[in-house]
Amino acid sequence: MASPVTLEGLSRRFSSGERPALDRLSLRVAAGEIVSLVGPSGCGKSTTLRLIAGLDTPSAGSIRIGERDVAQVPPQERDVAMVFQGFALYPHMTVREILGFPLRMRRTSKSEQAQRIADTAKLLNITPLLDRRPAQLSGGEQQRVAMGRAIVRRPEVFLFDEPLSNLDAGLRAELRVELGKLLARLGVTALYVTHDQAEAMTLSHRIALLRAGKLEQVATPREIYERPATTFAAGFFGSPPMNLLPVARSGAAGSAGALRIPRLPDSDDELLLGIRPEHVHIGTDAPTDVTAEATVTAVDLLGGESHVELDAGGVSLRARVAGFDAPGRDEQVTVGFAHARVRWFSAVSGLALEDA
């Protein structure tokens, strides 16, 4: 049965002279919700999972699973299952024995063990592998077994710590889709740590972005992409990330290099203009009300799309265009975007402003 997870003022400090690895984190994950924890290395993602799992002790704050505060409860009594970056499979055991091990530790009856192992193997498409040992499995098969070891327990909460990061890119993309279907079918509560934006966007109901141990933004994948709350969030998501251009004021209007901005938000702060590369158009066909002449400085051809870097009067601008439909390097082009697509930020605080 899925249970909610509630973190209140959760902190972890390893040394009194250093900043906390986790600093007063408060987050509620609803029963049956999947929340991804993302952020740069050292931001506190894995520390959060370890605290929930009971592998570490918080310096302050509470951890509730359902209505029970488990901050001081031993790991084996928390009813959580964790899938690690490393597969951590017992090399001398068969897949059947690996899946059955956590059930034997809980003194589950043999008939119930057999049924759960069979159900889990079928769910993960690993039934033909039950009598093999880890050395006889591919990386993707080993990761399925590692997930099966967690699933077979039917815990209240699942914790995933970058479970796909050791796989090659193609297999990672394949298993990402499979894992998304699996979690939806199980209806479980899960916290999923990843550095991969695509994993977070694909698997999550919401994304929690961490920075230096603090919560930067919590939102749905669409909201965190389209309406980032800070310049850090704007720059973290997207490939290429959002363009952030310093704007010089000129009365009610402004400019960013050669780009003339018809109206600015009502703020006394220095301004940054945010625009996603896919909303930057090259040529004069698209409806744009912010335009300039620009020089192409670099082109990255990726097949399905191309990334174009431009210089527009001293400001660097990135555009994303379909297929190979990109101008050549050093070519002079007209570049522009719709003012309605702009996201405004304070250059002082880094916080998003109301749309203008």
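The table below gives the values:
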item	result
Dipole in debye (nearest 20) - the chain, about Cα centre, beta carbon charges: Lys, Arg +1; Asp, Glu -1	1820 debye
Trypsin sites (Lys or Arg not before Pro) within the range 229-285, DSSP loop, no more than 16 other Cβ atoms inside 10 Å	263
For the range 127-143, 3J(HN,Hα) per residue [Karplus equation, 6.51 cos²θ - 1.76 cosθ + 1.60, θ = phi - 60°, Hz, x = Gly/Pro]	3, x, 9, 4, 9, 9, 9, x, 5, 8, 10, 6, x, x, 5, 4, 5
Binned Cα-Cα distances of the chain, short to long, each 20 Å bin given as a whole percent	26, 46, 24, 3
When the range 189-259 is reduced to its Cα atoms, the Kirkwood hydrodynamic radius in Å	13.9 Å
Whole-Hz ³J(HN,Hα) from phi, Karplus 6.51 cos²θ - 1.76 cosθ + 1.60, for the range 185-190, glycine and proline x	5, 6, x, 8, 8, 9
Value of relative contact order over the chain, rounded to a whole percent, pairs C-alpha under 8 Å and six or more apart	16 percent
Derived scalar couplings ³J(HN,Hα) [the range 240-256; Karplus, 6.51 cos²θ - 1.76 cosθ + 1.60; whole Hz; x for Gly, Pro]	x, x, 4, 5, 10, 10, x, 10, 9, 7, 8, x, 7, 9, x, 8, 10
Taking the range 185-287 and dividing mean pair separation by its residue count, relative contact order in percent (alpha carbons under 8 Å, at least six apart)	16 percent
Under-5 Å amide H pairs with residue 315, H placed in peptide plane, nonlocal only	258
Candidate lysines - alpha carbon under 21 Å from residue 110, same-chain residues fewer than 8 apart omitted	122
Under 19 Å from residue 214, Cα to Cα: lysines that are on another chain or at least 8 residues apart	45
Peptide ranges 72-78, 94-100 listed from the most packed, as the mean C-beta count within 10 angstrom indicates	94-100, 72-78
Relative contact order (percent, whole number), the range 271-315, Cα cutoff 8 Å, 6+ residue spacing	28 percent
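Values quoted throughout were computed directly from the atomic coordinates according to the rules given, and no laboratory measurement underlies them. Given the structure is predicted, the values throughout are model-derived calculations rather than measurements. Please note: Cβ atoms are built from the backbone with ideal geometry, for glycine as well, and neighbour counts cover all protein chains shown.
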